[in-house]
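We did not get these values from a lab; they are worked out from the coordinates using the rules stated. As the structure is a computational prediction, the values presented were derived from the model and not from experiment. Cβ atoms come from the backbone with ideal geometry, glycine included; neighbour counts cover every protein chain shown.
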Amino acid sequence: MMRRKLSATVTLFVISCVFSNPCTIAEAMDAASLVRENFDYMRDETSVSTVEMTVHRPDWERVSVIKAWTRGEKDSLITIILPPKDRGNGTLKLGRNMWMFNPKVNRVIKLPPSMMSQSWMGSDFSNNDLAKSDSIINDYNHRIIGTETSEDKTVYKIESMPKLDAPVIWGMITIKIREDFIPIEEIFYDEDFEPVKILTFSGIKILGGKLYPTIMKMRKADAEDEEYTLVKYKSLEFSIPLKDSHFTQTSLKNPRH
């Protein structure tokens, strides 16, 4: 229902633009709508992707190939394909519940709240980053604090502050979103509003039938290029039919490649 109302609002705005001054669809929206449209654009109704994840440290580097399935705002299944020693390690997310599977011990473990801030597979992404993928929509209040231009596109800078009593760990998040809903940057701040992590998006090109940032880089705010995690998309498809049975602990242990 919410998306229908939003679409109706955008349609009316576009019609008004035709008979008045030129403008972008994004200008019809407030900050919350921009964040919502960005989220929906990136995940779509469903998605199936294969990515290469590089975890870089000053004295070592590890490369993994990962396959992921997402459905709606909250559900995802992620499994490691390569290297062989890590093959089969996986993560299942349903709502805000999260399970991990380690084939070496053949056990599925539900992650307790105390483990949510820990690193996911030794990367700069945390378990919390995966489990609360929709948190930016539901747990924060948003406002546009500025604009800039990049590649002839208007980029909106949005300040996101946690709602009262929201179950979040960040004191603030700032987000840059292009007028076509493609993200450019996210910065995560602690309770003292000091930057902790920076996520950037680049390599924008046609992927999965639409413009999409094919490279994501997460790094510590004070680490420059010494420590980071780089994610590169190898393939991406949207609106693939996925059954409920795909997002189960059985599929976590035996994912359909």
| message | Using the Cα centre of the chain as origin and beta-carbon charges of +1 (Lys, Arg) and -1 (Asp, Glu), tell me which of Leu82, His56, Thr147 is placed farthest towards the positive end of the dipole. | response | Leu82
| said: I'd like to know how region 2-253 sits against the 2.2 N^0.38 Å rule of thumb: what's its Cα Rg over that expected value? | reply: 1.04
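Using the C-alpha gyration tensor of region 93-139, what are the square roots of 5 times its eigenvalues, in whole angstrom, with the largest one first? Mind showing how you got there, number by number?
Values: eigenvalues 84, 31, 14 Å².
Equivalent-ellipsoid dimensions as semi-axes: 20, 12, 8 Å.
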| So how compact is region 118-183: Cα radius of gyration and Dmax in angstrom? | 13.9, 39
| Which of the GluC sites (Glu not before Pro) found in region 130-200 are in a DSSP loop and have at most 15 neighbouring Cβ atoms, other than their own, within 10 Å? | Glu151, Glu191
| field | Table column - 3J(HN,Hα) (Hz), region 176-191, Karplus curve with 6.51, -1.76, 1.60, x for Gly and Pro | value | 10, 10, 6, 4, 9, 6, 7, x, 10, 7, 9, 10, 10, 10, 7, 5
| said: Nothing charged except the Cβ atoms of Lys and Arg (+1) and of Asp and Glu (-1): what's the magnitude of the dipole of region 2-253 about its Cα centre? Round to the nearest 20 debye. | reply: 1320 debye
| Computed on alpha carbon atoms, what radius of gyration and Dmax characterise region 141-257, expressed in Å? | 17.3, 47
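Give the order of Lys232, Lys104 when sorted by the count of other beta carbons within 10 angstrom, beginning with the fewest. Mind dumping the intermediate values first?
Values: Lys232 15, Lys104 9.
Least to most surrounded, the residues fall as Lys104, Lys232.
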| request: With springs only between Cα atoms under 10 Å apart, run a GNM on the chain and tell me which of Phe238, Phe39, Phe193 wobbles the most. | output: Phe193
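Can you give the calculated 222 nm mean residue ellipticity of the chain, where each DSSP H run of n ≥ 4 adds -39,500 (n - 2.57) and the sum is split over every residue, rounded to the nearest 500 deg cm²/dmol?
Result for the chain, helices only: -5000 deg cm²/dmol.
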| said: Over the chain, with a Gaussian network built from C-alpha contacts below 10 Å, which listed residue (Leu94, Leu164, Leu236) shows the highest mean-square fluctuation? | reply: Leu164
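Given a cut-off of 22 Å, name the pairs among Lys176/Lys243; Lys210/Lys243; Lys205/Lys232; Lys93/Lys205; Lys176/Lys210 whose C-alpha atoms lie farther apart than that in the structure shown. It would help to have the intermediate numbers written out before the result.
Working: Lys176/Lys243 34 Å; Lys210/Lys243 24 Å; Lys205/Lys232 12 Å; Lys93/Lys205 28 Å; Lys176/Lys210 19 Å.
Flagged as over cut-off: Lys176/Lys243; Lys210/Lys243; Lys93/Lys205.
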